[in-house]
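J.: Got a structure for you, questions after.
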Amino acid sequence: MAKVLFSSFQQTGISGSLKSGQLSGVFINGTNLKSNAHAKRFRKNSTSSITISCCASNSPTLENTKLAEAPEKRQKKKQLPYQGILHVPGDRVEELDTRETSLLVAEVKGWLMKLASGKGEISPSAYDTAWVARIPSESDSSLPEFPEALEWIINSQLPDGSWGDDRHLQLYDRVLSTLSCLVTLKTWDIGHNSIAQGTKFLRENMIKLKQDDGDLLSGFEVTFPMMLHEAKQLGLDIPYETEFTRLLEISTKKKLAKIPLDKIHSAPTTLLYSLEGLQDLEIDWQKILKLQSKDGSFLSSPSSTACVYLKTKDRKSLQYLQNAMEDQNYAVPCHYPIDLFESLWVVDTIERLGIDVFFRDEIKAVLDYVYSFWTNEGIGWGSTCLVNDIDDTAMAFRILRMHGYNVSPDAFNQFWLPGDKFCCFVGELSHGVSEMLNLHRASQVDFPNEAILTKTFKYSHDYLLNVDSAHMDKWATKKNLMGEVAFELANPFHDCLPRIYNNAYIKHYGMDDLWIAKTIYRLPLVNNKVFLELANRYAQQCQSYQPSELTELVNWWHSSRFEDVPSTRLTANIDMLPYIYYVICATFHEQEFAQLRVFFSKACCLNTLFDDLMDCATSIEELDRLQNVIERWDISLSHELPLEYRIPFQEFYNTVLVMTEAASKIHKNLSPEFICKYLSGIYTKLIKSEIADARWKIEGYIPSFEEYMENAEVSISTWVHVLMSILFCGEPLTEEILNTIYDSRPLKLDRIISRLCNDIQTYKIEMKLGQPTQGVSCYMKEHPGATEEDALVYLQSLLEKTKRELNESYFITHENDLPKNIKRFNFEMVRMMLITYNETRQVDLFRNPDNELKDMIKFCLETYRTL
């Protein structure tokens, strides 16, 4: 393909010179081009002269040549695009305290390195701590093995007499935790005042329990009745006979009767997590020991492990509990360890908030730790957990794959049950919304021929689409889980740009979210004010430089006389300029990519302008004249062109010069001559492909689908934006790398996807405008009898197939791979096209901006502040 790019120079006798690097005769004299004055550089009313020797070796040298002069200044003040929406007043962008930001970053880095070593932070569980506190000393059974735990229980009683989470009253959690603490205190016959206050709380609140309010704790049906039974044996004065306890007893007996004992003894299941609630069953506790995790626990549950120890006196169980108590300051959590779950959710939170730019190395260290426990059957919540689940597996699969780790989707096969249903754990009665959301997100980073991910996408998408908005998740109580679901469904992975996603999640993120297991618990490293503060600070930083960049672009627009070019989207609606700018701004948002954003926006405007002109072309003779000027790339010939062609060609030419100078300062090893040839060659190929499209339309020729795609993949212009922008994406470049990129598979996939999504969304409009040459019509011509629907089905299937191939090319690291930022830009270019020609909304946002588009742009601009 590279040969095609440079074939336009054959008439000048230098075909292929870009590849060989043997360039000569190109120099820019007569003016000192200032890279910080783009808007003034080539104003048409400039009286200064420049001496330019054109890129083609046989082109004439222009001495004292003036660029076309601008018309008289317009009297009326120009209206800024999206005025009042895109402009950020200065008083809204606060001067950021960089020292404070640095302190926040340092704090989070410490957390991540802690996670990378297998350590984390989880709130203590009164329920589990009370179970461990029951254990008698090995040397004297009249004394507790863990007196510190008893002390913690007495000191941790809440003012209302209960135990549990002190910031949120979840009645099931408070009642269960209080019962557990009372049983332990009564067993040791200590803390009589605490017992009195606790029983008072239960007498007042147990009657408030209702049959399944939708937020039952994990295993509550078996742990709570057993707690009641033990409390009754100890003579605690609480209401045992309520409507709730009677109904729960009936339900529990039915469930326990269905539990096969041979299954409990033979294979790890989630029943191991709540063994203390199964004491009424005829369990062989010695056989249970065969299902013990290597750390001595039973599914990382301190309470379940404590129960087993009390039944067996197993030394390994005791050692686990001793380690847990010591590590957790003598108040154990409901999970220990929960290292994999915690690590993954911390990384996911950081990335969703858009602050991962600060923690690249630390995130890799955490993911290296997680990956060391990945298996083809997935993972569980802890590194020693014997039972895997779909929630942790989905989160690990997605994050690890997106970071280039080799993970197989075969891990999901074990969660696909007969009856075409996925499960989080075998034997569950209902789904959690959060697990289905994570499964849905994981299914969108699929590669070719991964049928199981096609199943996961359909199943999770259908579930989330139909879930009741009032449904309560069984794994978490989040600030706005259903808001997250709605946003994810409306903005699929490929159709949403990074900063738009980040800014939306800032609104959904909860600093005080609760997690649900056997009891309510908190993960301070997942939900905290530090993350939100840092996310808000970075959002402000990103928007702080946007007004000046947009102002520069608006000034450039008005100085380039584009209003004098008739019949185009851009002259009819200048709003496209800020749309283009904020699409790239929401993608390459880092401050160091300012030049990339500005040049990208200019290139998109020029390409759109020229594409529209070619749609309106009616004269083969004028097209021939234009092609001659383009192939020779000679500014002196522009006077031969009609005004509507002359203006954009002059600006193409000027932009190449400006970009050449800017890129030469960055890439010292690339000569200005090479860069000029490189850029002009790109634009030459693009414009010639658009001329070919125009010829077909004028001649009424409808090519075959293959012939159409060969040219249409070029005329779509996204590859131009990639090849031009990579000069400013922070990667060191050589002539060899630039040529490799042009011939690369990722860029080919970019062109295919961009063309297909464009055709799918715009073909009806183009047919109405008398432009029959697009993918749908070409497919129908090649397949007589095929309908529009048949053509769309084919194009859509080809689009989905190519998106999977793009995922594979982007997420897998190959030998002789493209530089990281170049791969990233190519991938994000596709996402820019997919959000513009949006399949979910069934619109062409580029042609028809609407309120939703304006709202999207607001996302990029709004300052989010910590409440």
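The values are calculated or read from the model by the stated rules, or taken from the named source; none is laboratory data. If you're wondering where the values come from, they're calculated on a predicted model, not measured in any experiment. As a convention, Cβ positions derive from the backbone with ideal geometry for all residues, glycine included, and neighbour counts pool all protein chains shown. The protein model used for the area step is the full one, side chains on, heavy atoms only, and it has no ligands, DNA or RNA in it. Shrake-Rupley method; radii C 1.70, N 1.55, O 1.52, S 1.80 Å.
J.: Taking the conditions exactly as written (modelled with pLDDT of 95 or more, open to solvent by less than 20 Å² (accessible area, probe 1.4 Å), closer than 29 Å to Leu834 by Cα and not basic (Lys, Arg)), does Tyr538 satisfy them or not?
T.: So Tyr538 fails the test.
J.: When the residues of the stretch 122-148 are filtered to those that are of a type in the set (D, E, K, R) and buried (at least 18 other Cβ atoms within 10 Å of the Cβ), which remaining residue is farthest from Phe220 (Cα to Cα)?
T.: The residue in question is Glu145.
J.: Let me spell it out: the conditions are (1) under 43 Å from the mean Cα position of the chain (by Cα); (2) part of a helix (DSSP H, G or I), and Ser162 meets all of them except one. Which number is the exception?
T.: Ser162 satisfies all of (1) under 43 Å from the mean Cα position of the chain (by Cα); (2) part of a helix (DSSP H, G or I) except (2).
Here's the yes/no breakdown for (1) at pLDDT below 95; (2) open to solvent by 10 Å² or more (accessible area, probe 1.4 Å); (3) not in a loop (DSSP other than H, G, I, E, B):
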site: Leu321; (1), (2), (3): no, no, yes
site: Pro337; (1), (2), (3): no, yes, no
site: Leu340; (1), (2), (3): no, no, yes
site: Trp345; (1), (2), (3): no, yes, yes
site: Thr349; (1), (2), (3): no, no, yes
site: Gly380; (1), (2), (3): no, no, no
site: Met395; (1), (2), (3): no, no, yes
site: Asn406; (1), (2), (3): no, yes, no
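J.: Shifting gears a bit: If you scan the stretch 215-249, which residues turn out to be among the aliphatic types (A, V, I, L, M) and assigned to a helix (DSSP H, G or I)?
T.: Val222, Met226, Met227, Leu228, Ala231, Leu247, Leu248
J.: Of everything in the stretch 261-290, what is open to solvent by 10 Å² or more (accessible area, probe 1.4 Å) and either outside any helix (DSSP H, G or I) or aliphatic (A, V, I, L, M) (or both)? Give them in sequence order.
T.: Residues satisfying the conditions are Leu261, Ala267, Pro268, Thr269, Leu271, Gln279, Asp280, Leu281, Glu282, Ile283, Asp284, Leu289.
J.: When Val714 is evaluated against the numbered criteria (1) open to solvent by less than 50 Å² (accessible area, probe 1.4 Å); (2) in a loop (DSSP other than H, G, I, E, B), which criterion, by number, is the only one it fails?
T.: Only one criterion is unmet by Val714, namely (2).
J.: Okay, moving on. Give the residues of the stretch 278-298 that are under 14 Å from Trp131 (Cβ atoms) and in contact with a Phe, Trp or Tyr (Cβ under 8 Å, 6 or more places away or on another chain), sorted by residue number.
T.: Selection gives Ser297, Phe298.
J.: I need every pair where a residue in the stretch 540-555 that is under 19 Å from Glu651 (Cβ atoms) has its Cβ under 7 Å from the Cβ of a residue that is open to solvent by 60 Å² or more (accessible area, probe 1.4 Å), sequence separation at least 6 or different chains.
T.: Sorted first by the residue in the stretch 540-555, then by its partner, the pairs are Val554/Leu80.
J.: Hey, can you tell me all the residues within the stretch 736-747 that are assigned to a helix (DSSP H, G or I) and crowded, with 19+ Cβ neighbours inside 10 Å?
T.: Leu738, Ile741, Tyr742, Pro746, Leu747 - these are the residues of the stretch 736-747 that are assigned to a helix (DSSP H, G or I) and crowded, with 19+ Cβ neighbours inside 10 Å.
J.: Would you please name the residue that is most open to solvent (accessible area, probe 1.4 Å), looking only at residues in the stretch 611-637 that are over 42 Å from the mean Cα position of the chain (by Cα) and closer than 15 Å to Trp696 by Cβ?
T.: Restricting to residues being over 42 Å from the mean Cα position of the chain (by Cα) and closer than 15 Å to Trp696 by Cβ, the top hit is Thr618.
J.: Please state which one of His721, His667 is under 32 Å from the mean Cα position of the chain (by Cα), surrounded by fewer than 23 Cβ atoms within 10 Å (Cβ to Cβ) and under 20 Å from Val656 (Cα atoms).
T.: Result: His667 is the single residue among His721, His667 that is under 32 Å from the mean Cα position of the chain (by Cα), surrounded by fewer than 23 Cβ atoms within 10 Å (Cβ to Cβ) and under 20 Å from Val656 (Cα atoms).
J.: Could you give me the residue pairs with C-beta distances under 8 Å whose first residue belongs to the stretch 354-368 and is closer than 18 Å to Glu590 by Cβ and open to solvent by 40 Å² or more (accessible area, probe 1.4 Å), whose second residue is among the polar types (S, T, N, Q) and at pLDDT 95 or above wherever it lies, and which are 6+ apart or on separate chains?
T.: none
J.: Next question, about the same structure. Just to check your reading of the model, which residue among Tyr240, Tyr309 is under 13 Å from Pro225 (Cα atoms), at pLDDT 90 or above and either open to solvent by 30 Å² or more (accessible area, probe 1.4 Å) or touching a Ser or Thr at 6+ places or on another chain (Cβ under 7 Å) (or both)?
T.: Exactly one of Tyr240, Tyr309 is under 13 Å from Pro225 (Cα atoms), at pLDDT 90 or above and either open to solvent by 30 Å² or more (accessible area, probe 1.4 Å) or touching a Ser or Thr at 6+ places or on another chain (Cβ under 7 Å) (or both), namely Tyr240.
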